[in-house]
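One structure is given here, and the rest of the page talks about it.
Each value in this text was obtained by applying a stated rule to the coordinates, not by laboratory testing. As the structure is a computational prediction, the values presented were derived from the model and not from experiment. Heads up, the Cβs are rebuilt from the backbone with ideal geometry, glycines too, and the neighbour counts pull from every protein chain shown.
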There are 2 protein chains.
Amino acid sequence: MNYNLQDAMAGLIEVFHSYSGKEGDKYKLNKGELKTLLNEKLPGFLSASNDPMLVEKIMNDLDENQDGEVDFQEFVVLVTALTVACNEFFTGCEKEQSCSKKD
Amino acid sequence: MNYNLQDAMAGLIEVFHSYSGKEGDKYKLNKGELKTLLNEKLPGFLSASNDPMLVEKIMNDLDENQDGEVDFQEFVVLVTALTVACNEFFTGCEKEQSCSKKD
């Protein structure tokens with residue numbers, strides 16, 4: 001993949017607004033919009049958890065100003081945290097050579 | 001663009017490691033690697049500035065633990081800040097309808 005950072009940044013903005021604009025404040029995600037976004041754009045994230053309250057918990061964690069909605073800045077905190085966690089998992093694997101390798 | 005968040009996250013990780021692995025600590029960017037990454041993957045960012053010390057300033061700002069290198073967590077802080085700034089610029093434009101539109 002010949003990846004351009006600008007594409008990743010633009011993609012993040014585009015994904016957010018394509019869901020935040022569905023209902024209510026078009027610049028913020030309500031709980032329903034956040035859940036739909038995570039289900040459709042981060043497939044496997046919600047389904048990997050057995051916690052039916054996961055979206056509510058994420059919403060509460062992200063919603064720093066407690067207005068019941070998630071703005072873009074609050075949203076990128078989630079994406080950043082997940083990306084850092086993924087990176088640590090994969091570099092941890094590589095350093096320890098503890099992950100299974102494909103032959 | 002039908003954008004998947006996972007692609008953006010994977011892209012961020014891939015871009016970082018394709019530059020951090022060039023020399024020295026393969027899990028961190030030194031100043032040269034950061035500069036090359038910004039020039040090649042964020043075209044226009046460095047060239048839009050007239051400040052010859054910009055890379056040094058970014059390096060100092062990002063390098064929270066002052067080890068002279070930027071790890072992945074420090075790097076995503078830059079990407080996140082730039083993405084939030086871009087988002088605010090574009091939503092500000094839209095809200096104020098102050099930006100020129102293409103006909």
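Just a few scattered comments:
- In summary, helices (runs of 4 or more DSSP H) completely within region A:8-103 and bearing 3 or more residues that are within 19 Å of B:THR83 (Cβ to Cβ) occur at A:31-41, A:72-96.
Condition check ((1) closer than 18 Å to B:ALA8 by Cβ; (2) out of contact with any strand residue (DSSP E or B) (no Cβ under 8 Å at 6 or more places or on another chain)) across all residues:
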residue: A:VAL15; (1), (2): yes, yes
residue: A:GLY21; (1), (2): no, yes
residue: A:LEU29; (1), (2): yes, no
residue: A:ASN39; (1), (2): yes, yes
residue: A:THR80; (1), (2): yes, yes
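- Residue in region B:1-19 that is without any contact (Cβ under 8 Å) to a residue 12 or more places away in the chain, within 11 Å of chain A (Cβ to nearest Cβ) and in contact with a Ser or Thr (Cβ under 6 Å, 6 or more places away or on another chain) present: yes
- Counted residues, region B:21-59 - those being on the phi < 0 side of the Ramachandran plot and either over 14 Å from the mean Cα position of the chain (by Cα) or surrounded by fewer than 17 Cβ atoms within 10 Å (Cβ to Cβ) (or both): 26
- Being of a type outside the set (Asp, Glu), touching a helix residue (DSSP H, G or I) at 6+ places or on another chain (Cβ under 9 Å) and surrounded by fewer than 19 Cβ atoms within 10 Å (Cβ to Cβ) holds for only one residue in B:LEU82, B:LEU62, and it is B:LEU82.
- The lone exception for A:VAL70 - which of (1) more than 12 Å from every other protein chain (Cβ to nearest Cβ); (2) more than 23 Å from B:LYS95 (Cα to Cα); (3) among the aliphatic types (A, V, I, L, M) it fails: (2)
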